[in-house]
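For reference, the structure is listed below as structure tokens.
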Amino acid sequence: ASANIGVVGLAVMGSNLARNLASREGNTVAVFNRSRSKTDELVAAHPEAGFVPAFDYEEFAASLQKPRTAIIMVKAGAGTDAVIDELVRVFEPGDIIVDGGNAYFPDTIRREKAVRETGINFVGAGISGGEEGALTGPSIMPGGSDESWVTLGPILRSIAAVAEGEPCVTHIGHDGAGHFVKMVHNGIEYADMQLIAEAYDLIRRGTGKTPAEIADIFADWNTGELESYLIEITAEVLRQVDAETGKPLVDVIVDQAGAKGTGAWTVQTALTLGVPVSGIAEATFARSLSSHPEQRAAATTLPGPEGDFTVPAEDVDAFIEDVRLALYASKIVAYSQGFDEIRAGAAEYGWNIDLGAVSKIWRGGCIIRAQFLNRIADAYNEAPDLPVLMTAPYFAEALTRGQAAWRRVVIAAATSGIPAPAFSSSLSYYDGIRADRLPAALVQGQRDFFGAHTYKRIDKDGTFHTQWSGDRTEIEAEDTH
Ligand code: NBP
């Protein structure tokens, strides 16, 4: 046995991760893929990596030093289960199986439980950063047992992205915690992308600026508080000219956004947990809305407001600054909601998740990497039990500074008929969460009327019901919430 780590699944993610591992001092990497050709190609293309190829599971297990550690990078779902079954067959108690694919966290919880019974450790690890990140340094979110982390920690630290001298990996919590946090990361990514897209749309339609001019605006924003990978690549995409037509590339791309399902998982999970991740939900639904061309074609007959939306020339700079502030405020809401979901998930599943540490490992390697994440870490360091992230002093100040602009932008979008679902729902969340009183009181009255669901009173303890179909007097009732 000559390898200290193995990789199963040598498609783009697995082969890049294997090369990343091989490039680190002290690692010898065993590689295995179901179909032999990928293994042969990888080993031939990268002699410098010193890979130890295996062509069946027995050979793969024999090539690994004990305790054996293997990272699975195969298509999530049935493929992952198939590989786990094979590894469990050839591995021994104390060995470690890591699933680095995009698994749905309940699957990870189930797999961890089943594998644990064999004495083998199972770690579900969210890995973010795409192909490039896998090769040069991803952000890694491992779950699993404390025991497995002792062996795995140094290996993952050696291949993770580095942000301000710190590796972008931390042991998130037990069983499915890592894949849960990766899921929410992707949900936040959906919201961040949608907000940027809405900002672009409002500026383009309001000011008539070209994509290349808007690229300059984003590049400028990328030097300030919005500095992030997503803002940076937005400028790159907007600047790109289509070779065939000479048009901006963004104008020749079909306007239907795809999705692989992690945004939907984030929203489904949030619904179950009762956490209002409205910004992430709107972003996910915005992709769905875009992807129904028949409905969209039918609906073009519906009227919009009279006239075109044109920001007067003298107000263009102020409008762009308003959009920037609205984007930042909405982004704060999206992250606040995402961290709320992680907090609620941790409580539900019994994970001890350090929210500040999560924000720190997202500073490098992953798609939502940004300076801004330092502020989130600061907020949780100062107040680990912060009930709502956006109430931390730094964010509260940014919201105070931005709220008037945010309202103007949402008004402009509504009056001009430009859809801005993430901007406007974020603002509604902000106004809802900070409200002294909500019309939820009326909803409770309605529920009591038709279903005798009862209500609480603001002025005394107990649970009450109004006898709506009788004389409408109030009685004390059993709590049937
Ligand atoms: P794919 O998701 O395209 O999966 C292809 C790999 O799965 C091949 O190695 C294939 O083997 C193997 N495989 C399948 Br399919 N069924 C198998 C089975 N029953 N037994 C053994 N192997 C099986 O690869 P990818 O795009 O490299 O992604 C790998 C994982 O990483 C996925 O879970 C994906 O969601 C995740 N991912 C993450 C990011 C990110 O940014 N974090 C990006 C892209 C992907 P074969 O060669 O024999 O067909």
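The values are calculated or read from the model by the stated rules, or taken from the named source; none is laboratory data. Note that the structure is a prediction, hence the values are computed from the model and not measured. Every residue, glycine among them, receives a Cβ derived from its backbone with ideal geometry; neighbour counts consider all protein chains shown. Note: accessible area is taken over every heavy atom of the protein model, side chains too, but ligands, DNA and RNA are not part of it. Shrake-Rupley method; radii C 1.70, N 1.55, O 1.52, S 1.80 Å.
Under the criterion of Cα pairs below 8 Å and six or more residues apart, the relative contact order for the stretch 104-162 equals 29 percent. Spatially, the stretch 49-104 and the stretch 209-247 are offset by 41 Å when compared through their Cα centroids. Would you be so kind as to identify which of ALA440, ALA44, THR170 lies farthest towards the positive end of the dipole of the chain, taking Lys and Arg as +1 and Asp and Glu as -1 on Cβ and the Cα centre as origin? Looking along the dipole axis, the top candidate is ALA44.
The label point for ASP56 and the one for THR400, both projected 7 Å from the Cα toward the Cβ, are 7.0 nm apart.
Rounded, prolate or oblate: which fits the chain, taking a ≥ b ≥ c as square roots of the Cα gyration tensor eigenvalues, rounded meaning a/c under 1.5, else prolate when a/b beats b/c?
Judged from the Cα gyration tensor, the chain comes out oblate (a/c at least 1.5, b/c at or above a/b).
Here the stretch 244-361 exposes an accessible surface that is 55 percent carbon and sulfur, computed with a 1.4 Å probe and the other protein chains kept in place. Expressed as a whole percent, the accessible surface of the stretch 58-151 that belongs to carbon and sulfur atoms is 53, based on a 1.4 Å probe.
Taking every DSSP beta bridge with both residues inside the chain, roughly what % is antiparallel (nearest 5)?
Values: 12 of 31 bridges.
Restricted to the chain, the bridges split so that about 40 percent are antiparallel.
For the chain, the dipole from Cβ point charges (+1 on Lys and Arg, -1 on Asp and Glu) about the Cα centre works out to 440 debye, to the nearest 20. Once the Cα-Cα distance is subtracted from the 0.36 nm per residue extended length, the GLU25 to ARG296 segment shows a gain of 92.1 nm.
Per residue, the average separation of C-alpha pairs within less than 8 Å and at least 6 apart gives the stretch 330-453 a relative contact order of 22 percent. The overall shape of the stretch 208-278, judged from the alpha-carbon gyration tensor, is oblate: a/c is not under 1.5, and a/b is no greater than b/c.
In this simple spin-label approximation, GLU117 and SER35 carry label points 7 Å from Cα along the Cα→Cβ vector, and these lie 3.4 nm apart.
Here the extension length gained between GLU348 and ARG434 equals 28.5 nm, from 0.36 nm per residue of separation less the Cα-Cα distance. Using the Cβ-Cβ distance between ALA82 and THR136 with R0 = 35 Å, the FRET efficiency computed as 1/(1 + (r/R0)^6) comes to roughly 0.75. Rounded, prolate or oblate: which fits the stretch 254-396, taking a ≥ b ≥ c as square roots of the Cα gyration tensor eigenvalues, rounded meaning a/c under 1.5, else prolate when a/b beats b/c? Oblate. Give the residue from GLY279, GLN268, ILE214 lying farthest towards the positive end of the charge dipole for the chain; charges sit on Cβ (+1 for Lys and Arg, -1 for Asp and Glu) and the dipole is referred to the Cα centre. Ranked along the dipole, the leading option is GLN268. Over the stretch 266-334, accessible surface divided per residue gives 54 Å², non-protein components excluded, 1.4 Å probe. Taking amide hydrogens as placed 1.01 Å from N in the peptide plane, the amide H of ILE72 sits under 5 Å from those of VAL8, VAL98, ASP99, GLY100, each at least 5 positions away in sequence or on another chain.
What relative contact order, as a whole-number percentage, does the chain give when Cα pairs under 8 Å and 6 or more residues apart are counted?
Relative contact order for the chain comes out at 12 percent.
Each Lys and Arg adds +1 at its Cβ and each Asp and Glu adds -1 at its Cβ; summed about the Cα centre, the stretch 32-90 shows a dipole of about 140 debye. Net charge in the neighbourhood of VAL252 (other residues with Cβ under 11 Å of its Cβ; Lys, Arg +1, Asp, Glu -1) is -3. Within the stretch 411-425, list the residues whose amide N lies under 19 Å from a label point set 7 Å along Cα→Cβ of SER288. Under 19 Å, as judged by backbone N against the label point of SER288, lie 419-425 of the stretch 411-425. Straight-line cross-link reach from LYS260 at under 18 Å between alpha-carbon atoms covers these lysines, not counting any fewer than eight positions away in the same chain: LYS75, LYS182.
Once the Cα-Cα distance is subtracted from the 0.36 nm per residue extended length, the GLU478 to GLN65 segment shows a gain of 142.4 nm.
Charged side chains reduced to their Cβ positions (Lys and Arg at +1, Asp and Glu at -1) give the stretch 334-404 a dipole of some 340 debye around its Cα centre. Computed with a 1.4 Å probe over protein heavy atoms only, the accessible area of THR39 comes to about 0 Å².
The spacing between the stretch 122-153 and the stretch 315-361, judged by their C-alpha centroids, is 23 Å.
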